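No lab work stands behind these numbers, since they all come straight from the coordinates. Since we're looking at a predicted model, the values are computed, not measured. Using ideal geometry, Cβ is built from the backbone for each residue, glycine included, and neighbour counts are taken over all protein chains shown.
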Amino acid sequence: RLCKPKEGLEKQMLEDYNRMLRYMKSYERDFKVSLSSVRHQLAMSYLDKPYGLEPILDPRTGYEVITPKDYRLILENDGMLSKESMLMDILKEELSQGRNCVVYAEYTQSDATNVLPRLQSLILKHCNLEPHEVVAMRASYPSASAREKWMHEKAKEGMKVMLCNPRLTETGLDFCWKEMGVTYNYPTLIFYQSGYSLFVMWQAAGRAWRLNQREECRTYYLGYEMTVQQAILQVLGEKKAATAAIQGKFSADGLAAMAQGVDTQVRIAQIMSEMDEHTGNRLQEMFDVITGDVEDIYSDEQTMYLFSEIIEKAEEVSENLGIGVTTLFDMFTQFTPKDEAVNDLSMDLFSAMSSFNNFLSRVDVVGDVEHVNTSKKKRKAKVYENCSLF
């Protein structure tokens, strides 16, 4: 879910944000100094808390490079940022359906960037919840070994929304469990902030997707459009699309992401340079490919056939032709067209058919298990029908 800044102060905030990032890059280039870690954090966190930030200093000289402008005025008179409003709308909808939620925020280590206290107060007010229903997990407490017990206790007390840093959940917390005959479930995950570690995000996004889960899992990623927040989501989408391609879902961007092997920071820079008003729609289409909800021409999703399905299709073709697979193979071996182009095609077909026939000759189907004879090692390997041929 990408949001646009509101007219007025928030739009001016976005302009200052872009101006700061450009200036910091030019400063690094001109003075041969690295501010990348500070710049990356500012790029991801400033729009979510554009106030209370200290000046950014040159690590070598202590010189003040830039002072982020304070936009606390946006929050006066119960005002909210566009992203905060979007989060409230999502939570209201999910809670109205009886779905408990987990809200992730990445930059929680310092008071200057930590948004959890504000989000907690906003949720209490706008979602009409009690203090025991909106709870924040801290890095300092509970300890890693006690987090599961802590979460179970809070759930028994009626916790409906949990806020935390995604790194606190990557140790293996499950968001769906059963205790004393009662099922506790948090099937909606919302990344209010996304970090640069894709591994952490993937781990945190899988906390509700467990074997005992019976509810629909929904994962939201929020960000401001035309910013680094959108760029990091696009990198996440590309990497997840590449993973989906390995698992049998093919897409142009997914295969391209597999082939690129580009560093995350470099890819973010590329996306920022290519970003336009159509990028947001393309990002949504990419996530549609990942979830299997493809209704446009963005990508053709194709699941790989299992070995048993290939055998069934071969038998179906042979039955329709009234001949056996071996006879079909013999027909290919006797076919020698004169045209050179057609001949090249027939040679490819002959090679594929020959390899397939050799494979079939080595497979002895017994029940639900195929035994493949391996003469070199003098033993049999089991290939199950549910295993992909590729």
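Tabulated data for the structure shown
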{"item": "Computed over the stretch 1-123: relative contact order in percent, which uses C-alpha pairs under 8 Å that are six or more apart", "result": "25"}
{"item": "Of K125/K156; K25/K49; K25/K125; K49/K154, pairs whose Cα-Cα distance is over 30 Å", "result": "K25/K125"}
{"item": "Inter-part distance where the stretch 10-39 and the stretch 78-111 are each reduced to a Cα centre, Å", "result": "28"}
{"item": "Alpha-carbon Rg/Rh ratio, for the stretch 9-67, with Rh computed the Kirkwood way", "result": "0.96"}
{"item": "Rough spin-label spacing in nm, given labels placed 7 Å along Cα→Cβ, for Y63 and K178", "result": "6.6"}
{"item": "Dipole moment magnitude, nearest 20 debye, the stretch 122-247 about Cα centre, only Lys, Arg, Asp, Glu C-beta charged", "result": "140"}
{"item": "Cα pair distances of the stretch 1-99 binned at 10 Å [whole percent]", "result": "13, 40, 26, 15, 5, 1"}
